[in-house]
Amino acid sequence: MKRPRTHRLTKYIKVLGKQNSCNTYAACIACFEKLEGDELSRNTFTNKKLQVKNHLKNCPHFREKIGNQEELDDIINLTDNEMEEKIYQKRQKVDNEFEETGSVKSFRSFASSTSSTRNFNSKNTIKNNLIRTPTKSEIPKFERLLLRMSVANGFSFQWIDHPATLELFEFLNPHLILPNRKALSNRILTRETENVNTLRNDKLINDKVGVVLAFDGWKNILNQHIFGSLFISSSGEILIWDVSDISSERERLIEIIPKITGLIQETKRLGIKLNAIVSDSAPAYAATRRRLRLEYAEIVFLPCFAHQCQLAIGDIFKESPILKTASSKAIKIASYFKNANNSYFIGKLRDIQNELYDKYYSIVIPGETRWNSHYFCFKSLIRSKQALRNLAIRYEHPQIDILLPYCGVLNKLQCDKARLYEVLHALGYFCQFWKQFPDSDLGNQMIDRLEKRWSQWEQPLFLLSFALHPKYRFAYFNSDLNNLSFTSLGRYLTYYYKAWFKKRPLRLLLEFEDFRQKVEPFNNETFEQFGEDAFKFWGYVEGDYKELAAVALKIFVRRNRLKNEKILAMSQLRASINFSLREKELQQSQIQFLDSNALPMETDSEVFTPNSNIEEEEEDIEDNTIVTPEH
């Protein structure tokens, strides 16, 4: 039997009978209710969508039954493509949910709900259902979500330009045009920061209970002294306010008071109700609190009590010499096993832990500003006590001494200010160390390995970094070797100039000769004025010696770092994201608690969580025995 013809307007008509072998005739539900006999027959039509639409559009009875012209227009003017209509409705629902919650759950519900739609037509693929060209109003939202994802996951801004990223988004939606790194880190970040700051100010102004102002100082990776301030709302939300570089200022009372006074005046200008100010326990901040509490009696000035509690814990170690000695040794051990330069012994410790415990325990290093960190440090060492004892007996002190020069050099080379010429210093230091090593056979073998490694490096680049340093020049080179002569270094210099700048040099060798002859400004007196900073020196002479300075600056250049403004913007955005996620988790927990029919959450007992109890029953091991896997 043939399936009856159905379409989206079928619910508004009544099929009356068969018109021919292919079609049926029908009347609209309004005519069927009001008309009878011949009058009803004159208002029938073929049951096809176009004829049904034309009848409903012109039928006064149907218009009267609907009663609303807007609803009638919606019925008549909806798309004729059933599949497209359903997908459009689903997509509109997803957009509305995404606008309200900003979560990925909406997308999942859309994907599951559209699965039934795809069953109607096997020709519909993911491309037909999901891919569409974003509108102009959706592009800012897409860029905002892209930035929030980057900041929340700690991505470098360079990820957006990576070919793998472009390939992924090309697969998801070829119509999406990703912003480049500069747009993401400048235009989009600035716009989102402005929005976050506006929302932050609104929250502070509308907080009727009042807020708390807290500030502190720290040093970043560039050894800059940073002063940061934030507000804590009555609901517990942390709202980052500002950061500034105060490296050129002293941490004294006369410098601190204007900063705090400026923050107080700014809160009054914006109409923010300020209840209290919490500051560091340093002497300058303590004096500031005593001075300002007289001027601003309506504000409570408090020290950081978490810091005070930490200081109280420190008093325990001052009173007990045994605890003080044990603490000092424990911190040294923990620091050693958290230093990446000691990866060899870290690996050995992990192997022994695996033998003894069938699992790995991480050594925790304490920090002065991380409360309870000393407790977790001692606990982690006690947990791995037997493994540490076995490691100390297997690898005694003379073997550790061999690694000391390597660790010292690695500490130097891994810092952000390391330069190429320091690699030659390190290599020379290694060779000198092994030449004086008591075991001559081992020393000769290690020197052979060093020379083999040196032969694999790009030697001319390292040699030029040493030769172009005004402090070293050619004093340490063996001129009897052909590849270390002045002429050979000139050829290396010419090669790198052509390779880097894609042009032939005109005065490069002449400038190089002036450098060798120490013609002013290449004399020692001039260089000493730059504090042995080769990069600044070559920047100074660049005006008169363009070609030679161009090569030298390329060799001595330093890495760039993010500016404080971008770090502040990313910190504000990250704090906003984390707080919104915590709010959603709290709401979900409350809903689950109030719902009596909610099922208990399923947890995987094998998954390790930071708050889980990691202590397990283990065999009692005597302290004076060495444990092996056979025990």
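The values are calculated or read from the model by the stated rules, or taken from the named source; none is laboratory data. Keep in mind that what you see is a predicted model, and the values were worked out from it rather than measured. Every residue, glycine among them, receives a Cβ derived from its backbone with ideal geometry; neighbour counts consider all protein chains shown.
The set of residues in the range 267-302 that are surrounded by fewer than 14 Cβ atoms within 10 Å (Cβ to Cβ) and without any contact (Cβ under 8 Å) to a residue 24 or more places away in the chain comprises Lys268, Arg269, Pro283, Arg290, Leu294, Glu295, Ala297, Glu298. Could you tell me whether Ser137 is modelled with pLDDT of 85 or more, hydroxyl-bearing (Ser, Thr, Tyr) and over 16 Å from the mean Cα position of the chain (by Cα)? Yes; evaluated as a whole, the condition is true for this residue.
When restricted to residues that are buried (at least 18 other Cβ atoms within 10 Å of the Cβ) and touching a helix residue (DSSP H, G or I) at 6+ places or on another chain (Cβ under 6 Å), the range 28-52 contains 4. Within the range 461-502, restricting attention to residues that are at pLDDT 75 or above, aromatic (Phe, Trp, Tyr) and under 18 Å from Gln517 (Cα atoms), which residue is surrounded by the fewest Cβ atoms within 10 Å (Cβ to Cβ)? Among them, the one singled out is Phe486. In the range 145-160, the residues that are without any contact (Cβ under 8 Å) to a residue 24 or more places away in the chain reach residues that are among the polar types (S, T, N, Q) and part of a helix (DSSP H, G or I) with C-beta atoms within less than 9 angstrom, at least six apart or across chains, in these pairs: Ser156/Ser150; Trp159/Ser150; Trp159/Thr165.
Does Phe512 meet the test of being part of a loop (DSSP other than H, G, I, E, B), surrounded by 16 or more Cβ atoms within 10 Å (Cβ to Cβ) and hydrophobic (A, V, I, L, M, F, W, C)? In short, no. Just one of (1) assigned to a loop (DSSP other than H, G, I, E, B); (2) exposed (fewer than 13 other Cβ atoms within 10 Å of the Cβ) fails for Pro505. It is (2).
This table checks each residue for (1) of a type outside the set (A, V, I, L, M, F, W, C); (2) under 25 Å from the mean Cα position of the chain (by Cα); (3) assigned by TED's automatic domain parsing to the domain that holds Ala284.
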residue: Asp202; (1), (2), (3): yes, no, no
residue: Asp216; (1), (2), (3): yes, yes, yes
residue: Ile221; (1), (2), (3): no, yes, yes
residue: Gly228; (1), (2), (3): yes, yes, yes
residue: Ile232; (1), (2), (3): no, yes, yes
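Given Ile188, Ile160, which one is crowded, with 17+ Cβ neighbours inside 10 Å and over 19 Å from Ala575 (Cα atoms)? Result of the check over Ile188, Ile160: Ile160. With the requirement that a residue be over 31 Å from the mean Cα position of the chain (by Cα) and not in a helix (DSSP H, G or I), what does the range 335-364 give you? Once the filter is applied, which keeps residues that are over 31 Å from the mean Cα position of the chain (by Cα) and not in a helix (DSSP H, G or I), the range 335-364 yields only Asp358.
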